[in-house]
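Some notes on the structure that comes next.
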Amino acid sequence: MAVKVDQGAADRIDLWSKLRFDASSGTVWLGEQRMLLLHARSLGAFRNQLIKSLGEERAGALLLRMGFDSGAQDALLARALVGDGALEDVFLLGPRLHSLEGVVTVEMVSSELDLDTRSFKGRFRWSSSWESETHIEEFGQGDHCTCWNQVGYASGYVTSFLGKPVYFHEDKCRSKGDPHCEIFADTEAPITESDPIAVALRPSNIAGEIQELSDELEQLRAYLRQDLEPGSLIGRSKAFMSAFNLLKQAAHTPITVLLEGETGVGKEMFARWVHDNSPRRDGPFVAINCGAIPADLVESELFGVESGAFTGALKSRPGRFERADGGTLFLDEIGDMPLSSQVKLLRALQTGEIERLGDSRARKLDVRIVAATNVDLQHAIAAKTFRSDLFYRLNPYPIRIPPLRERREDIGLFVEVFVDRLARRYGKSIRGVSDKALRALTAYSWPGNIRELENVLERGVLLTRPGCNIEIESLFVGQAEGEPSTMSVAQTGLVTAMPSSGDNAVQMADLSIARLEAQLISEAMRRAKGNVAEAARLVGWTRRQLDYWLKSAGPDLKS
Ligand SMILES: [Zn+2]
């Protein structure tokens, strides 16, 4: 038969007297059970972290389960404490234990317990719920109940007590703005599959799921790294990104890519990116600058030679095509290729085969072509310097690489990367560029593009004292008021300032390091008024190094 349980019955047991602190062994006991005295705040921090890393649903389930276990433990404890006493007393110790442990203060609203049928129906009111307080403090008030651990405790306790599942539910909670929390349970109500406690207690492999999720995340990250990040390519401007997006889509495919852009825009870097992000990445990347090789050598460079009387070659050697087998061949400045070679290139592209010079044997090759041009090939066709059939073979996927002046937002990025790289190359610690210098660099039109920018920064790095910012005067030497211009080296090796113009800038871009060096040292000598020690300090060299250089390379500069 069902009995109304009387709260006062449990008062016969003095719980406090069962709580023992054993200082000598550093243990806390409640009856025969070892307890822990924890910092509510640190346990709260742990709970918050659990929710943030696993999400409310998973964290809630873990907390429920943890509460369920401690409730079941306390039911055993209560049984031991009560001994031969009434079972109703054991039942009522649950709320009191929960409160003694500092979790929550429990007030019975209603409770009907039938030990014969092992049935229970009841409702409890909670005040000073540790869990809701912690939750509100971290996450604020929401629209649902959050006393997962405590609900788990009540369920575990009563389930253990009755020896059959009794799952509590919280329908009022401080976390959703109620004045207090309330839980209820009714053994008459069927337990559904989706009951939060049933879900929490179901054996699940959270570790496995987390591992799967983390594998998936790593795959996605790798995908992002591989497919979306420019990697060695520098830029985030709109103009750069639209070229880069085209590049990205072509990389996986075998399609021939034609890169169009002015001198110095970094076409080879783009070609290399395509290779590095293609299925051929483990194969060779071979580049040939068709404009830099004498016309009569282009074919032997491209296709190789077989030794023999006809070619006059003493040794057989493979050409760039063969060396690129299984990889990518980058044909730079394709517009400068002689017409006679264009025919042979076209045939190689059509058949996938090449013949070495002086050899009639065809060699089958697997080469992906990336070509680049700084001239308008349509114009070259009109001027009859480029074959239209070769153009159509190379042009299925043209990508225009914007000049630097169309992507000024990227200049700051380039400056960062180049200054860092150059400073390391010269073993100098350079902080960066001054704001004024950066403004000038951003405003300049850069006819020589990225290559010109790199050269200008190289001079800046060399002319700047260690630990300092590169100032505008070190970039645009001899210029008044930061009007950017480029320099040329007069035959005497002395520096002359030239007004900015396209031709001079390109000339600047082509200056060799040696000439830059001469230019920078002459400038340093001029500023130091011929004092070698001072000039050495300006360029970051030792006096001995500069002495040596002046003797061997720059005798004209001393006077
Ligand atoms: Zn609550």
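The values are calculated or read from the model by the stated rules, or taken from the named source; none is laboratory data. This one's a predicted model, so the numbers in the text were calculated from it and none came from an experiment. Every residue, glycine among them, receives a Cβ derived from its backbone with ideal geometry; neighbour counts consider all protein chains shown.
Some points to look at:
- Candidates 387, 431, 425 - the one that is charged (D, E, K, R) and under 26 Å from residue 273 (Cα atoms): 425
- Check on residue 170, within 11 Å of the ligand (Cβ to nearest atom) and not in a helix (DSSP H, G or I): yes
- Residue within segment 86-99 that is closer than 24 Å to residue 45 by Cβ and charged (D, E, K, R) present: no
- Options 37, 30; residue that is within 27 Å of residue 125 (Cβ to Cβ) and surrounded by fewer than 14 Cβ atoms within 10 Å (Cβ to Cβ): 37
- Residue among 515, 465, 543, 526 that is basic (Lys, Arg), at pLDDT 50 or above and under 22 Å from residue 431 (Cβ atoms): 465
- Residues being in a helix (DSSP H, G or I) and loosely packed, with under 14 Cβ neighbours inside 10 Å - total across segment 422-435: 3
- Single residue of segment 125-166 satisfying the filter (part of a helix (DSSP H, G or I), hydroxyl-bearing (Ser, Thr, Tyr) and within 13 Å of the ligand (Cβ to nearest atom)) that is farthest from residue 115 (Cα to Cα): 134
- Output for segment 173-195, where each listed residue is within 11 Å of the ligand (Cβ to nearest atom) and in contact (Cβ under 8 Å) with a residue 40 or more places away in the chain: 173, 174, 175, 180, 181, 182, 183
- Residue under evaluation residue 139, criteria (1) over 21 Å from residue 61 (Cβ atoms); (2) in contact (Cβ under 8 Å) with a residue 40 or more places away in the chain; (3) of a type outside the set (S, T, N, Q); (4) surrounded by fewer than 16 Cβ atoms within 10 Å (Cβ to Cβ), criterion not met: (1)
- Segment 263-276 - residue that is of a type outside the set (Val, Ile, Thr) and surrounded by 19 or more Cβ atoms within 10 Å (Cβ to Cβ) and, of those, nearest to residue 449 (Cα to Cα): 264
- Residue 366 meets the stated requirement of being surrounded by fewer than 13 Cβ atoms within 10 Å (Cβ to Cβ), at pLDDT 90 or above and not small (Gly, Ala, Ser).
Every residue, every condition in (1) free of Cβ contacts under 8 Å to residues at least 60 places away in the same chain; (2) in contact with a His (Cβ under 8 Å, 6 or more places away or on another chain); (3) crowded, with 16+ Cβ neighbours inside 10 Å, yes or no:
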{"residue": "304", "(1), (2), (3)": "yes, no, yes"}
{"residue": "329", "(1), (2), (3)": "yes, no, yes"}
{"residue": "342", "(1), (2), (3)": "yes, no, yes"}
{"residue": "353", "(1), (2), (3)": "yes, no, no"}
{"residue": "370", "(1), (2), (3)": "no, yes, yes"}
{"residue": "379", "(1), (2), (3)": "yes, no, no"}
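- From the list 55, 71, 67, 102, the one residue that fits, being touching a residue at least 60 places away in the same chain (Cβ under 8 Å), surrounded by fewer than 16 Cβ atoms within 10 Å (Cβ to Cβ) and of a type outside the set (A, V, I, L, M), is 102.
- Lone unmet requirement of (1) closer than 29 Å to residue 253 by Cα; (2) part of a loop (DSSP other than H, G, I, E, B); (3) of a type in the set (Val, Ile, Thr) for residue 298: (2)
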